[in-house]
Amino acid sequence: QVQLAESGGGLVQAGGSLRLSCAASGRPFINYALGWFRQAPGKEREFVAAINWSGDRTAYADSAKGRFTISRDNSIAVTLQMNSLKPEDTAVYYCAADRTMLLRATAHEYAYWGQGTQVTVSS
């Protein structure tokens, strides 16, 4: 069983930056695809970014391209660097993991989820 814990959320002004981290308890992220999703109030959970097991392939939602960067350190965590934040980025951000060598970009493909961390961007 993989348990994930996100950190790094908070309140930031539009144009600012935040760095989210996700760590697994009890084991490193070896051979796991990792992703970030978000869910705003009243909306469905949506894909933000993903990285494959080796870290050489990434995928981003159009809304994240050019502003967000996903990276991983297999011994510790996966991170999401978010720059040029906008009020529409306000949401609960979730880390997800799945034991596969493929790149995963849809929520139903992930077996493990964190509890989420709130990101609020003020205008």
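Annotations
- Of the residues making up segment 2-15, not a single one is without any contact (Cβ under 8 Å) to a residue 24 or more places away in the chain and either open to solvent by 30 Å² or more (accessible area, probe 1.4 Å) or not hydrophobic (A, V, I, L, M, F, W, C) (or both).
- Conditions (1) exposed (fewer than 15 other Cβ atoms within 10 Å of the Cβ); (2) under 14 Å from G35 (Cβ atoms); (3) of a type outside the set (A, V, I, L, M, F, W, C): number failed by S122: (2)
- Number of residues in segment 70-121 that are assigned to a strand (DSSP E or B), under 21 Å from E44 (Cα atoms) and of a type in the set (G, A, S): the value is 3.
- For segment 21-61, the set of residues classified as assigned to a strand (DSSP E or B), open to solvent by less than 30 Å² (accessible area, probe 1.4 Å) and among the hydrophobic types (A, V, I, L, M, F, W, C) consists of C22, A24, A33, L34, W36, F37, V48, A49, A50, I51, A59, listed by residue number.
- Per-region count, segment 20-78, residues among the aromatic types (F, W, Y) and at pLDDT 95 or above: 5
- Each residue in segment 94-114 was checked for being under 12 Å from the mean Cα position of the chain (by Cα) and open to solvent by 60 Å² or more (accessible area, probe 1.4 Å), and 1 pass.
- Check on A91, in contact (Cβ under 8 Å) with a residue 12 or more places away in the chain and either surrounded by fewer than 19 Cβ atoms within 10 Å (Cβ to Cβ) or in contact with a Pro (Cβ under 9 Å, 6 or more places away or on another chain) (or both): yes
- If the condition is being open to solvent by 50 Å² or more (accessible area, probe 1.4 Å) and either at positive phi or touching a residue at least 60 places away in the same chain (Cβ under 8 Å) (or both), then segment 62-88 contributes G66, N83, S84, K86, P87.
- Within segment 97-123, residues that are farther than 25 Å from S54 by Cα have Cβ atoms under 8 Å from residues that are of a type in the set (D, E, K, R) and open to solvent by 60 Å² or more (accessible area, probe 1.4 Å) in these pairs: V121/K86; V121/E88, counting only partners at least 6 apart in sequence or on another chain.
The values are calculated or read from the model by the stated rules, or taken from the named source; none is laboratory data. Computed from a predicted model, the values in this text were never measured in an experiment. FYI the Cβ positions are ideal-geometry reconstructions off the backbone, even for glycines, and counts take in every protein chain you see. Ligands, DNA and RNA are excluded from the accessible area calculation, which covers all protein heavy atoms including side chains. Shrake-Rupley method; radii C 1.70, N 1.55, O 1.52, S 1.80 Å.
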